Amino acid sequence: MKYLLLFCATQEDLAAWRALPEEARAQTRVRSAQWIAEHRAQIRSNNGLHLPHTVTSVHVGAGGQPLVTDGPFLEGTEVIGGYAEIEVADLDEALQLAGSWADHAPGHRVVEIWPVVEG
Amino acid sequence: MGRSCAGPSCGRDLACGRGVTFHADDQQDAPSPRLDGEIQATLSTVFREEAGKLVGALVRLLGNFEMAEEIVQDALLVALERWPIEGVPQRPGAWLLTVARRRAIDYIRRDARYRDKLALLERPVVPEPDDRLRLMFTCCHPALSRETQVILTLRAVCGFTTAQIAHAFLASESAISKRLVRARQKIVQAGIPYRVPREEDLDERLNEVLTVLYLMFNEGYLASTGSVPTHRDLAEDAVWLVAFVARLYPREPEVLGLLALMRLHLARVDARFDGEGKLILLPNQDRSRWNQQMITEAGRLIEQAAALGHPGPYQIQAALVACHAEAVSWQATDWPQILALYDLLLSMIPSPVIRLNRAVALRYMAGPAIALSEVEALEHDLEAYHLFHAIRGAFLLELGCSEQAQAAEMRALTLTGNQAEQSLLHQRILALNYER
């Protein structure tokens, strides 16, 4: 089964992250990279995302005309900081993988597991 | 439904039903005119015995929970229609299996994706002993909400119809059916596995199953009035399933503990209500109506669990209830022992509801004033819990503050949804008015 893992954080988490000294942030980045390397067999692709204020949304406006707005479509104080596409046997394996993330990158408190529609 | 349920103490929040009728279109409590009690009891027993085995076997063969569950539900509905007229077949399990297999073959012929499964169904379908257990772990998977776990277990493992579940939770059939559709979709689309969990997850997942079964039990037990044989009883199905789990995991002390706890509650169920269905509190219950044999058996289970050397919350709760069940009278209750058990329980689960119950035990050792101050410290956490106000009211009354007591009881009354409990609180308020 394929799943998309979304690494989520709150605005407060983000603020705390930015307040960290660069050295601590670098350490966390190293741990994340380690985690990804350790689970290469299950992770198909992965990326970090820039902050919400850099996001642009394109809406289908009146008459099918695209309407461009500044910021994410999904509002709220939660932020998606990154994603990973994984392929594993079942939800239990996905849960185990997502659970193991907790030890590596305390910046993202929640990992959402989205099942991917497959052929 | 829509009320959420997140903790072990909120079984009563799930809903306050009164058991389940076999009437597909009947939301009332009246006994069904079409089915007599005997055939209803037979149907319950057969469905409970067979449904989970069948669903489990079909999930294993077809690899699709959604389809398996629907097929078995169809077969149960055919039985519900025909058995009351034609009589229950000699081998009801085989009968249901035949109907289910035919339906399964129909389904598969319609859906090209499952063609390769056809051959599997043409051979006899033999349930495996683990089918029902795997099914239970699927239905109680932690990725499903607590309510969904309970509903799914009732439906897939115990063979409740949508109408019966709707009746048990005082919800509409369409609401239940919508939840079931979504739950089945989640199992299939999110890839919730159908298997016994790995060794390292077993404790946690077994605990998940026990929580669901205890919620199911409480729903039936708290809502029951002790005298509605025409309804399918959630408590009975819950005990039956825990006994089933205990047979498979005889060395899991918490399973034995929960089984003992449920049996101790059931042993006293007849004494909980008077002839009019009014609730009788523990001090006023006629202890000769308690089932002594069940109490003794439960005591044996507690000892068996304790011998395994891993105490846990269900074992301690069972020991607590046993203290009451084994006391020859209310006056003979061993309060120091009960208080010690509450302290032990609190060290495992620091829950305000447990502290509230501990305060009741404290009342009998240290008096109402000290107990009241313990209770009032819990106001922040338990403001919305009817028993908080009921207990606070009782202590206030003892201390002679009848006006405050009445206000507390009124608050309790507005918070409880259970009629028997409501009527008890109502009596107390009337008594207060009378005293003044």
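The values are calculated or read from the model by the stated rules, or taken from the named source; none is laboratory data. Values in this document were obtained by computation on a predicted structure and should not be read as measured data. Heads up, the Cβs are rebuilt from the backbone with ideal geometry, glycines too, and the neighbour counts pull from every protein chain shown.
The table for this structure:
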| item | result |
| --- | --- |
| Residue within segment A:24-41 that is closer than 20 Å to residue A:114 by Cβ, of a type outside the set (A, V, I, L, M) and either in contact with a strand residue (DSSP E or B) (Cβ under 7 Å, 6 or more places away or on another chain) or at pLDDT below 90 (or both) present | yes |
| Count - residues of segment B:295-316 that are buried (at least 18 other Cβ atoms within 10 Å of the Cβ) and part of a helix (DSSP H, G or I) | 10 |
| Among the residues listed as A:16, A:37, the single one being away from chain B (no Cβ under 14 Å), more than 14 Å from the chain's Cα centre (by Cα), loosely packed, with under 12 Cβ neighbours inside 10 Å and among the hydrophobic types (A, V, I, L, M, F, W, C) | A:37 |
| In segment A:73-99, residue modelled with the highest pLDDT [restricted to those that are more than 9 Å from chain B (Cβ to nearest Cβ) and touching a helix residue (DSSP H, G or I) at 6+ places or on another chain (Cβ under 7 Å)] | A:86 |
| Residue within segment B:326-333 that is of a type in the set (Gly, Ala, Ser), in the same structural domain as residue B:413 (by TED's automatic domain parsing) and touching a residue at least 24 places away in the same chain (Cβ under 8 Å) present | no |
| Residues (among the small types (Gly, Ala, Ser), more than 9 Å from chain A (Cβ to nearest Cβ) and more than 23 Å from the chain's Cα centre (by Cα)) located in segment B:176-202 | none |
| Filter result for residue B:67 (farther than 24 Å from residue B:247 by Cβ, part of a helix (DSSP H, G or I) and either modelled with pLDDT of 80 or more or over 22 Å from the mean Cα position of the chain (by Cα) (or both)) | yes |
| Subset of segment B:200-249 that is part of a helix (DSSP H, G or I) and either on the phi > 0 side of the Ramachandran plot or among the hydroxyl-bearing types (Ser, Thr, Tyr) (or both) - its residue that is modelled with the lowest pLDDT | B:221 |
| Scan of segment B:322-358 for residues that are assigned to a loop (DSSP other than H, G, I, E, B) and more than 18 Å from residue B:282 (Cα to Cα), ordered by number | B:349, B:350, B:351 |
| Test set (1) touching a residue at least 24 places away in the same chain (Cβ under 8 Å); (2) more than 19 Å from residue B:412 (Cβ to Cβ); (3) over 22 Å from the mean Cα position of the chain (by Cα) - residue B:347 fails condition number | (1) |
